[in-house]
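Comments concern the structure below.
The values are calculated or read from the model by the stated rules, or taken from the named source; none is laboratory data. None of the values given here were measured: they were computed from a predicted structure. A quick note on method: Cβ atoms are made from the backbone with ideal geometry, for glycine too, and the neighbour counts reach across all protein chains shown. Side chains are part of the model used for accessible areas, which takes the heavy atoms of the whole protein and leaves out ligands, DNA and RNA. Shrake-Rupley method; radii C 1.70, N 1.55, O 1.52, S 1.80 Å.
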Amino acid sequence: MSAEQAAPERRGPWTGTRVLDLTGLSGAYGTRVWAALGADVICVEPPQGNPVRTMPPLAPGHSGPEASLWWAYYAASKLSVVLDLADADDVAALVKLIGSADVVLDDAPPATQETYAWLADRGEGGLGVAGIVERFPHVTWVSITPFGMTGPRRAWRSSNLIGWASCGLASTVGFPHGPPLTPGGEIGVLMHGASLYGVIGSMLALRARDQAAANGGRGVGQTVDLSLQDFGLWLSPETGVPLYLDDQVPRPRAGNRRPITSPMGMYPASDGYVAMIAIQPAHWNAVAQWVHELTGNEGILDDIFVDIVVRREALEAVDAWVEELTTQFTKQELFVEGQRRRIPITPVNTVGDLRTDPHLEAVGWWRSEEHPLLGSYTVPGSPFNTDGDWWAWDRAPMLGEHTEEVLGELS
């Protein structure tokens, strides 16, 4: 395919770094961060395209490899190179690409990574990860797999759902009489988080490589072995395995409120929900005073309720008193008045709420993007701001858009 657009000009702290993306959803966010910070991220795609290209939701009125809104966001600022690994010339091109990269991210199963049969079949000596690192010692290879590259479960299949279940966190999420749930539903939060760890690990590896070279040593890359299960364990310090090891107290599913005390969790507003927590005495006193002013409830002012243990024992009554307050206001009204009274309370926003959020509008967080097929659309802004504009905003590439240009540089 002819290149329709030259590779975008790079800026940012990682300009000059080449990252090869051999992943699907498990590396999409991490490689987006790499590209946003200036790296040349080359997404190697099969002829039918990266699987993220077909993930719904699709842009209304569009179909084909450019229609996925997932792809439009997570592939921004990347380059697209199409290679057919059934073709000997394309296999040779992939080997050259690997050799030209600083970092390679891969989410293939361990057995595939170890043998890379498609390389062996084409006379490349069966380069697995170990062989690649030996042949290209400067390359840092990041493997993102369900259970890691070693161990008895290394060959097991998995998904975002199974990852949450296997790390022990899904059993704590949901309502007491309902099934376990995964945080973020089908969004793939576990995969996105693991890919971000891949960015951190590979950046540290490159820093170590370059420092060693600068000090007269042999600057070599590293292998980074990321397990979705292990990453999930890191996300569950309060309700998962780490805290259980400390006190051996199981954390059952508690719904959208924590039965430790009240108020603690989500409470209904007139137009949705708010999240509220009042553990400290000052917080509780402010809540009690507000309820008293609104409802005339004298009992809630009793000093006995300052003790969180007492409020836990009277959980249903205290929750009912708090709901008398929250149901009379909108989410935003509760948030604003809670701020004035110094109560930790905030609206439970929907995506629609965020799109019109006055704070995000005021700081210019939402951005308008242009795409030759999708037209104009709005995307979230960068996750942080710096004195310099590090975050790159080039649109997502069309399938194979940079194949000729990138491969031409290797010849």
Item to check | the stretch 291-307, residues that are within 18 Å of Pro281 (Cα to Cα) and either of a type in the set (S, T, N, Q) or open to solvent by less than 50 Å² (accessible area, probe 1.4 Å) (or both) | outcome: Val291, His292, Gly299, Ile300, Phe305, Val306
Item to check | Checklist (1) surrounded by fewer than 14 Cβ atoms within 10 Å (Cβ to Cβ); (2) in contact with a helix residue (DSSP H, G or I) (Cβ under 8 Å, 6 or more places away or on another chain); (3) assigned to a loop (DSSP other than H, G, I, E, B) applied to Pro383, failing item | outcome: (2)
Checklist entry - Of all residues in the stretch 268-313, how many are outside any helix (DSSP H, G or I) and more than 19 Å from Arg257 (Cα to Cα)? => result 4
Checklist entry - Are there any pairs with C-beta distances below 8 angstrom linking a residue in the stretch 372-390 that is under 23 Å from Arg355 (Cβ atoms) and in contact (Cβ under 8 Å) with a residue 60 or more places away in the chain to a residue that is in a loop (DSSP other than H, G, I, E, B) and of a type in the set (Phe, Trp, Tyr), with the two at least 6 apart or on different chains, and if so which? => result Val379/Trp366; Pro380/Trp365; Pro380/Trp366; Ser382/Trp390; Ser382/Trp391
Checklist entry - Residues of the stretch 213-234 being among the charged types (D, E, K, R) and either at pLDDT 85 or above or open to solvent by less than 40 Å² (accessible area, probe 1.4 Å) (or both), which ones? => result Asp225, Asp230
Next on the checklist: Quick check on the stretch 155-172. Is at least one of its residues touching a strand residue (DSSP E or B) at 6+ places or on another chain (Cβ under 9 Å), polar (S, T, N, Q) and over 24 Å from Thr350 (Cα atoms)?
Outcome noted: yes
Checklist outcome for this item: Taking the stretch 78-107 and keeping only residues that are surrounded by 21 or more Cβ atoms within 10 Å (Cβ to Cβ), of a type outside the set (Asp, Glu) and in a loop (DSSP other than H, G, I, E, B), one is left with Lys78, Ala101
Checklist entry - If only one of Pro237, Pro252, Pro259 is open to solvent by 60 Å² or more (accessible area, probe 1.4 Å), within 30 Å of Gly148 (Cα to Cα) and touching a residue at least 40 places away in the same chain (Cβ under 8 Å), which one is it? => result Pro252
Checklist entry - How about the stretch 129-152: which of its residues are out of contact with any Leu (no Cβ under 8 Å at 6 or more places or on another chain), surrounded by 14 or more Cβ atoms within 10 Å (Cβ to Cβ) and assigned to a loop (DSSP other than H, G, I, E, B)? => result Phe136, His138, Val139, Met149
Next on the checklist: Given the criteria open to solvent by 40 Å² or more (accessible area, probe 1.4 Å), touching a residue at least 24 places away in the same chain (Cβ under 8 Å) and out of contact with any Lys or Arg (no Cβ under 7 Å at 6 or more places or on another chain), does Trp14 qualify?
Outcome noted: yes
Next on the checklist: Being surrounded by 19 or more Cβ atoms within 10 Å (Cβ to Cβ), under 25 Å from Val81 (Cα atoms) and either under 24 Å from the mean Cα position of the chain (by Cα) or at pLDDT 90 or above (or both) is true for just one of Thr326, Thr403. Which residue is that?
Outcome noted: Thr403
